[in-house]
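Worksheet: the structure to be examined is printed underneath.
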Amino acid sequence: MKKSIKDLGNLQGKTVLMRVDFNVPLKDGAITNDNRITAAVPTINYALEQGAKVVAFTHLGRVKEEADKESKTVAPVAKRLSEVLGKNVTFVSETRGEKLEESIKNLQNGEILMFENTRFEDVDGKKESKNDEDLGKYWASLGDVFVNDAFGTAHRAHASNKGIASNIGEGNSAYGFLIEKEIKFIGEALDNPVRPLVAILGGAKVSDKIAVIENLLSKADKVIIGGGMAYTFLKAQGKEIGKSLCENDKVDYARELLDKAGDKIVLPVDTVVAKEFSNDAPSRVATNDIQADEEGLDIGPASVELFKEVLQDAKTVIWNGPMGVFEMPNFAKGTIGVCEAIANLSDATTIIGGGDSATAAIQLGYADKFSHISTGGGASLEYLEGKVLPGIDSLSNK
Ligand code: AMP
């Protein structure tokens, strides 16, 4: 078990290095969505209220060369953080050096400072992204304890997570409340679920999600497969799929999985097909009669009903990936249907594993109907694959 911020003891007077995920969308220098900032407030306030000196830092986009720095400064993020917290946030426009060190020394108990984009360190030899040993050591030397609350980068071993955790000293690192929630929901659903556990996987490609399918097949009671990836499985069953998305080099693999998993895998029984990949293309529902010039763009109504039935008794649900091309309203019904079916389960722990399905649920107004919507794209996918996440694994044990 890893330590949580609460296991670090009283933080009064301690300098808390806090890795947050403030990788917010920016347009012309203005923040268009500050969810990631508001989401970190409980962890920040917990430390400040105890009288800690908080040093917050984040990455923002990718910084490859000097010229990227102007548009990737986190100055507007520090400003917004100050508004959200209702208190002054000292911004230091450096990632190392005397000015940063002095500013940290001058912090009083209960005050917060934020320093510049950690990826500014990538311009000269990718020091942040390659977890440069000296950089991790240096950042660790700036504080007493380290709190990682950036789930979105937890699947990467960077200087700003693993580098600091490895150098801050035995017992001095922990996760914050955001990562705690991810571990509580995704971790428990995988390792100790209330059963039946039903997984629903969708999205474009089988090849992107092989490890997720395998891990979930070993843990779940049922695995529903929809979206573009279903056609490779339907082809493996000998069905006609027309010009639907198919990975021909994965058909044998899909057949093996179907043989092994038996009725654990549930596939669509009908498909909304069109002759063109366009929202305006005339469409129809095909049941085992997809024509050669037709392409499956969504699951059909009978599939939604079938999936609802499978979900009915579920006590834990993990959903990753849309059921169709949900970006086109005419082919979003399957994704909406499944989203509704999960949202309406009254007695189940329901989890969306990030990415497009999280976007879909939020856009459709179901955000508060799920027990947990993961904040990580790549990180939640790797978590669902059963991989160890270095940004969490490197933290202190309880
Ligand atoms: P992923 O990132 O793997 O979760 O895939 C999400 C993408 O899969 C979305 O952009 C969907 O439009 C796409 N997708 C879902 N179903 C289909 C389908 N039947 N045909 C083509 N693309 C699809």
Please give the Cα centre distance for the stretch 216-288 versus the stretch 1-35, rounded to the nearest Å. 41 Å
Within the accessible area of the chain, what % is carbon and sulfur when the probe is 1.4 Å and the other protein chains stay in place? 45 percent
Find the accessible area per residue for the chain; the probe is 1.4 Å, ligands and nucleic acids are left out, and the unit is Å². 44 Å²
Based on alpha-carbon centroids, what's the gap between the stretch 55-115 and the stretch 161-183 in Å, whole number please? 20 Å
Averaged over all directions, how much area does the convex hull of the C-alpha atoms of the stretch 243-364 cover when projected, in nm²? 8.2 nm²
Excluding residues fewer than 8 places away in the same chain, name every one of the lysines whose C-alpha is closer than 27 Å to that of Lys369. Lys181, Lys184, Lys209, Lys219, Lys222, Lys264, Lys308, Lys315, Lys333
Taking only C-alpha positions in the stretch 121-275, Rg and Dmax in angstrom work out to 21.5, 62
Could you give the Stokes-Einstein D for the stretch 195-297 in µm² per second, using the C-alpha Kirkwood radius, 37 °C, 0.692 mPa s? 235 µm²/s
Cα→Cβ-extended label distance, 7 Å offset, between Lys243 and Glu133, nm: 5.6 nm
Reported to two decimal places, what Rg/Rh ratio describes the stretch 259-318 when computed on Cα atoms with Rh from the Kirkwood expression? 1.08
Mean separation of Cα contacts under 8 Å (6+ apart) over length of the chain, as relative contact order %: 17 percent
Grab the DSSP H runs of the chain that are 4 residues or longer, score each as -39,500 (n - 2.57), total them, divide by all residues and round the 222 nm result to the nearest 500 deg cm²/dmol. -8500 deg cm²/dmol
For the chain, share of DSSP beta bridges that run antiparallel, in % to the nearest 5: 25 percent
Total formal charge among the other residues, if their Cβ is under 13 angstrom from that of Leu297, Lys/Arg +1 and Asp/Glu -1: -3
State the three equivalent ellipsoid semi-axes of the stretch 1-42, derived from the C-alpha gyration tensor as the square roots of 5 times its eigenvalues, in descending order and whole Å. 29, 12, 8
Counting Lys and Arg as +1 and Asp and Glu as -1, what is the net charge of the other residues whose Cβ lies under 10 Å from the Cβ of Asp68? +1
Positive minus negative residues near Lys99 (Lys, Arg vs Asp, Glu; Cβ under 13 Å): -3
Over the chain, volume per residue of the alpha carbon convex hull, in Å³: 150 Å³
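The values are calculated or read from the model by the stated rules, or taken from the named source; none is laboratory data. For clarity, every value in this text was computed on a predicted model and none was experimentally measured. Neighbour counts are summed over all protein chains in view; Cβ atoms, including those assigned to glycine, are modelled from backbone coordinates with ideal geometry. Ligands, DNA and RNA are stripped out before the accessible areas are found, and what is left, the full protein with its side chains, is counted by its heavy atoms. Shrake-Rupley method; radii C 1.70, N 1.55, O 1.52, S 1.80 Å.
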